[in-house]
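Quick notes on the structure that follows.
The values are calculated or read from the model by the stated rules, or taken from the named source; none is laboratory data. As the structure is a computational prediction, the values presented were derived from the model and not from experiment. Because the Cβ atoms are built from the backbone with ideal geometry, glycine has one as well, and the counts that use them run over all protein chains shown. In case anyone asks, the SASA skips ligands and DNA or RNA and just uses the protein heavy atoms, side chains included. Shrake-Rupley method; radii C 1.70, N 1.55, O 1.52, S 1.80 Å.
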Amino acid sequence: MNLTKLNFPDFEQAQLSSLNRLFSTWHEDATQISFDADKSADDMVFDGFFPYFSAQTCKILFIGRESLGLTGEHYLDLMHHCYKTGKIGEKGLNQSQFHALMLRIAYGLNHNCCSWDDIPAASEIAKTFATADGMSFAFMNLSKFSNESDDYQADWQLIDSFINSFAKEKENYFTKQIEIINPDIIVTMNLEKRLKALGELSLLEYTPNAAYLRLKCAGRDVLLMDLHHFSAVKVREETFYRPILNGITLYR
């Protein structure tokens, strides 16, 4: 089991310890399960929140589908390194729409929901990301297994296998992870029917660019917005940023 090696401030140590205890239990339970594609508990890729997440004005949790090519890694450690070096694989950070969108959206929401045109480039945001002087966010994938295929299309069979393997557990690990992260809002990436794996949901509204729901976590309702996948649609303000601002205005 891989734990993050990032440096967290003292005021986040208790929260981080709670998350690590959850992952330890999750990993232990996974050792008793036979997964698809010869995957095992030791292949799980854990995630969570970046340093200084809990200090944000708007604590945003992004939820994706699966990691790509990261078996044996800790998601946050590797992504933090990529953000700081400005490279995601062979692409520059600004050209990696998936990650650039998360950085820019989180920046906008934590700077008075400023206009899209006033948000800096991802490479600029990354310079102070996850520091006391910058912004931060949380991230988790629905599947803790990494897609190691060459084409990088979503491996829905493996994703569903992971979800279904824990469906009968007494504790919903997905809900518990979200409760520990304790976000103000959740943005998911075209998870649609698989959203039910996250816990108890109630639908607020469907629109062309977003579904608005509430997720019950630790006795409170958290606004969840399911958008297009961040890498599947050409980036547009009205496709991603505007639906989030609308959801916050209407439902938070």
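Give me the percent of accessible area attributable to carbon and sulfur for the chain, probe 1.4 angstrom. That share works out to 44 percent. When the charge dipole of the range 65-169 is built from unit charges on Cβ atoms (+1 for Lys and Arg, -1 for Asp and Glu) and taken about the Cα centre, the candidate among N94, M135, C82 whose Cα reaches farthest toward its positive end is M135. For the chain, the 222 nm mean residue ellipticity estimated from helices alone, with every DSSP H stretch of n ≥ 4 adding -39500 (n - 2.57) and the total spread over all residues, rounds to -9000 deg cm²/dmol. Sorted largest first, the spans of the alpha carbon positions of the chain along the three principal axes are 50, 40, 40 Å.
Placing unit charges on each Cβ (+1 for Lys and Arg, -1 for Asp and Glu) gives the chain a dipole about its Cα centre, and among P120, I163, G72 the Cα reaching farthest toward its positive end belongs to P120. Inverting the pair-averaged 1/r between distinct Cα atoms of the range 74-157 gives 14.0 Å as its Kirkwood hydrodynamic radius. Can you list the aspartates and glutamates whose alpha carbon sits under 19 Å from that of K84, skipping same-chain ones fewer than 8 residues off? Filter leaves D47, E73, E124, D133.
For the range 1-139, a Kirkwood hydrodynamic radius built from all Cα pairs, placed in the Stokes-Einstein relation at 10 °C and 1.306 mPa s, yields a translational diffusion coefficient of 99 µm²/s. Counting only protein heavy atoms and a 1.4 Å probe, the range 111-252 has 49 square angstrom of accessible area per residue. Screening the chain for whole DSSP H helices with an alpha carbon extent of at least 20 angstrom along the helix axis and a mean Kyte-Doolittle hydropathy of at least 0.0 yields nothing. DSSP assigns beta bridges within the chain; of those with both partners inside it, close to 55 percent run antiparallel. Restricted to Cα atoms, the range 105-208 shows a radius of gyration and a Dmax of 16.8, 46 angstrom.
With a cut-off of 15 Å between beta carbons, the residues surrounding Y251 carry a summed charge of +1, where Lys and Arg count +1 and Asp and Glu -1.
Of the beta bridges in the range 132-252, as assigned by DSSP with both residues counted there, near 70 percent are antiparallel.
The trypsin sites (Lys or Arg not before Pro) found in the range 157-241 that occupy coil by DSSP, while having at most 15 further C-beta atoms within 10 Å, are K168, K170, K234, R236.
Across the range 1-78, Cα-Cα pairs farther apart than 20 Å form 38% of the total. A P(r) calculated from all alpha carbon pairs of the range 175-252, with 5 Å bins opening at zero, reads 3, 16, 29, 24, 18, 8, 2, 0 percent.
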